[in-house]
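I have placed the structure first, in the form of structure tokens, so that the comments after it can refer back to it.
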Amino acid sequence: MARYWDDDTVYTQPSAAELRRKAKESLQMARSRGRKYEPIVARTRRGEVCTSWWGQAWCRNLEKYADYASRLDRGRGYVRSGTVVDLKIHDGRVLAKVQGRRKTPYNVEIKIGRLSEESVQCIVSRCSARIDSMEKLVSGEFPEELKDIFTLEGGLFPTPREISFSCSCPDWAVMCKHVAAVMYGIGIRFDENPFYFFRLRGIDVDRFINVALESKVEQMLKNADIKSDRIIDGDSLSELFGVI
Ligand SMILES: [Zn+2]
């Protein structure tokens, strides 16, 4: 069992089973007090934490930053132990409760900088241009051909300078395992509903869908015009067949 020093006191690192038990107790406590916790349930036991390509891409984006890479590692096991007992995604921030050694879960807050209006316009128009993919998108599935709206500069994925975080545990000055667990928890939430990406980056999903649908209607009308131009009238028909 691993031990570490903290404020001149020796603490014992809780095992995964212990964390699981404590997390369950915290959830029961919250329920008995009428608090609505939304826990993160990891679907994988090893390898990728997320199951969708966009959730996996979210994790890979964070892992590629050197400052995060070594610290994120601890988050995988932590989120799989069911420690993220509550995680809510709001406009530009994530509020979460993570079970640790203590009885009461720690409070984690992750803030993500707002996208510029220019970036929002760019993302919306890029999505709208790919009409065939919009139906999948509205049904809650991100088509892989829209991958660049996440990964390009100014896209939906934040860079470390756009991310700030805090945790109520004693070692939050660096990215602690609770924050790391929440980072993976966000990816799992995205698996469940990719539109959380838009909410997190401050993009109004209704506006996004409206713009996309308007664009689709315009496209359909254009197609209708093209078709009507192709309808051959009586005169051209006679020309075509040489009917006298
Ligand atoms: Zn912490």
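Any read-out appearing in this document is the output of simple, stated calculations on the displayed coordinates, not a laboratory observation. Keep in mind that what you see is a predicted model, and the values were worked out from it rather than measured. Here the Cβ positions follow ideal geometry from the backbone for every residue, glycine too, while neighbour counts run over all protein chains shown.
Considering only the other residues whose Cβ falls under 13 Å of the Cβ of residue 106, what net charge follows from Lys and Arg at +1 and Asp and Glu at -1? Don't skip to the end; give the middle numbers.
Numbers: positive: 22, 97, 101, 102, 103, 177; negative: 86, 109, 171.
So the environment of residue 106 carries a net charge of +3.
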Legend entry - Calculated FRET efficiency for the pair residue 145/residue 107, C-beta based, R₀ 41 Å, to 0.05: 0.60
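To the nearest 0.05, how large is the calculated FRET efficiency for residue 21 and residue 168 if R₀ is 25 Å and r is the Cβ-Cβ distance? Present the calculation step by step, with values, prior to reporting the outcome.
Details: r = 21 Å, r/R0 = 0.84.
Rounded to the nearest 0.05, the efficiency is 0.75.
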Inset, instruction - For residue 121 and residue 214, compute 0.36 nm times the residue count separating them, minus their Cα-Cα distance, and round to one decimal in nm. - result: 32.0 nm
Inset, instruction - Report the calculated FRET efficiency for residue 51 and residue 29 (r = Cβ-Cβ distance, R0 = 22 Å), to the nearest 0.05. - result: 0.15
